[in-house]
Structure formats: C-alpha cells, structure tokens
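Each remark here refers to the structure printed beneath this line.
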Amino acid sequence: MTQLRVLAAILLLLVAGCAAESPGGSPGGSSGGAVSYGPDELVLRVDVSGGLVPVATTVTDVPAVSVYGDGRVVTNGPMIEIYPGPALPNVQLQRISTADVAKLVELALDAGVGRHADLGMPNVADAPTTHIMVRTAAGEQVTDAPALGIAEDSLSGPQRAARQRLQRLVEALSDLRSTLGNGAVPEPVAFPAAGVAAVAEPWTEAGGDQGLPAQQPVAWPGPALPGEAVADRPGVHCVSATGEEGQRILAAAGKANTRTPWTSAGSTWQVTFRPFLPGESSCADLTHR
C-alpha cells in the first residue's frame, strides 16, 4: 500500500510539472479553459515593425491584424498604387463569433506564441520584426520573430520549424475565410474610427511632386501642429483628437492625399494620419505596441 501511495505522489508531481511548462497553465499550451474578454479588449495581434523605415512609422503604422473580445477583427487593408496616395490608411473591419475568437487564440498558442522557443537570428541586416501577442487567462503571451520568413536557410532544423509554425499562423490570420470558413467571416467594411493621431513634419517639395499640379494648402482643422514630441522617437511630434474634433480631422483627411500641404500656426506641414483602434485615444497609446 505504501509503495502505491509513493507511485501516485510521483505521478501527480510529474503531471503538475508538465502543466507548469505550458505558457497557458495547461498541457500543450492551451489557454486552460474559456476566457471571458471585454468587448474592446485586445485578444490577438500581429504587428510588423522595424527595418529600414522612418522612425515616424513606428507611431503611425496600423497593425496587420487585431482581434478584439467582441469578435471585431481590424486589419490594415491594401492601398491603391497611385502617387500621391490617400491620406488615410485603408483600415478594415470584419466581425467573427466569440467562439471563433477562441479558436484563433488556440491557433496562436498551438503555433508556440509565448513559449520563448529558440528562433535563431537570420544573417540579414535591418529586417523587420513580427510581433505576435495573444491574451490568455494567464495574461499576455508574446513572441517576437525577427526577419520572419527571410534568409532562414542558415538556421538549425528546430529553429526553422519554430519559425514555420509562426509563419503559418500569420498566414492563417491573414486569410480568415480559409481558416474559419467562408460563412464565418463577412466582407470587410471601412473601420469607423473614434479618433485620430497625426504626425506632422515640415512640408517640403519632394522628387515625386515634379510634373504634378500644385496642391492648394488646406487649413488644419485640429490642435495646432506639430504637437508634442513623442517619447523615445527622435524628431517625431504628434497631435491627437477624439469626439467631434477627431471626426472633423478624419473628414478632412478623407479628401486629402499623402502630399497635401496643411497650414497651422503660420507654417505648412506634411501630415501622416493614424486612426485610433479600439482602446486607443492618444499618441502615447501608439508607442506602446
């Protein structure tokens, strides 16, 4: 009898140890049961940043995919290839069921998000990093994959396999109809932003402007430009607005392009716009991604 009790205690310790290795608190990396999310709570995000891009884009870029607790999926849609392009990014909205939100959470955990796997470092300079976050009962699980899908031949087999799992996850989240089924995902519509941030820099003539008709300056309809300096973003200034003022800016930006001159406080500015996503209301919110 004593030997049986000892064996049972050992088995219990082994099971508990296996569960502790899982980021979600249960074997296999699952979320450990259903999680109740708030409507505006960010549940899953894929965000690609860094590389050879202006520092201001770290504030104004729209994440590739953001999934919220009520089933809203906000994506950075394609832009028309013209110069100058529209001033506002093509932010799109789709809605899925909360059950499908849970499925996407499980996909992310099964792909290894939050497990801190060895991803290696491809021998490539200035490549962007893919940031993936999924929220579970244990909190945010995060994985950063530098140069995902780029120059991975020099890496070890396990490193490539871990990266391939993440790459398949990104592809699955980028094509939800194939992942969840056509009937589960409606056609995207324009995302109705509740406000906007604007990053301003002095307007100067650009090489691409040659041969184009001169654009008439537009009076800036929001807080005085260029706004406050953004912490940890050298040379970047930002203003933000919500409510009626935010809607006025969005309406004016909807008629403008990326090279529209905006006049404010006696100066002329080039402005890059970033509509607020759920849970965002200030420039500071955009620097915490």
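The values are calculated or read from the model by the stated rules, or taken from the named source; none is laboratory data. None of the values given here were measured: they were computed from a predicted structure. Glycine gets a Cβ as well: all are built from the backbone with ideal geometry, and neighbour counts include every protein chain shown.
Residues being of a type in the set (A, V, I, L, M) and either within 30 Å of L250 (Cβ to Cβ) or at pLDDT below 95 (or both): count how many of those fall in the range 85-116. Qualifying residue count for the region: 7.
Among the residues making up the range 48-101, a single one is aromatic (F, W, Y) and either under 22 Å from V239 (Cβ atoms) or more than 17 Å from the chain's Cα centre (by Cα) (or both): Y83.
The rows are residues; the columns are (1) within 30 Å of G71 (Cα to Cα); (2) in a loop (DSSP other than H, G, I, E, B); (3) not acidic (D, E).
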| position | (1), (2), (3) |
| --- | --- |
| E201 | no, no, no |
| Q270 | no, no, yes |
| P278 | yes, yes, yes |
| D285 | yes, no, no |
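In the range 260-279, the count of residues that are surrounded by 14 or more Cβ atoms within 10 Å (Cβ to Cβ), among the hydroxyl-bearing types (S, T, Y), within 26 Å of T130 (Cα to Cα) and touching a strand residue (DSSP E or B) at 6+ places or on another chain (Cβ under 9 Å) is one or more.
When residues in the range 213-255 are screened for being free of Cβ contacts under 8 Å to residues at least 60 places away in the same chain, aliphatic (A, V, I, L, M) and more than 15 Å from A284 (Cβ to Cβ), 8 of them pass.
Residue pairs whose Cβ atoms lie under 6 Å apart, separated by 6 or more positions or on different chains, with the first residue in the range 168-192 and within 22 Å of F276 (Cβ to Cβ) and of a type outside the set (V, I, T) and the second modelled with pLDDT of 95 or more and part of a helix (DSSP H, G or I), do not occur.
It is to be established whether one or more residues within the range 68-83 are modelled with pLDDT under 95 and touching a helix residue (DSSP H, G or I) at 6+ places or on another chain (Cβ under 8 Å). Among the residues of the range 68-83, at least one is modelled with pLDDT under 95 and touching a helix residue (DSSP H, G or I) at 6+ places or on another chain (Cβ under 8 Å), which makes the answer yes.
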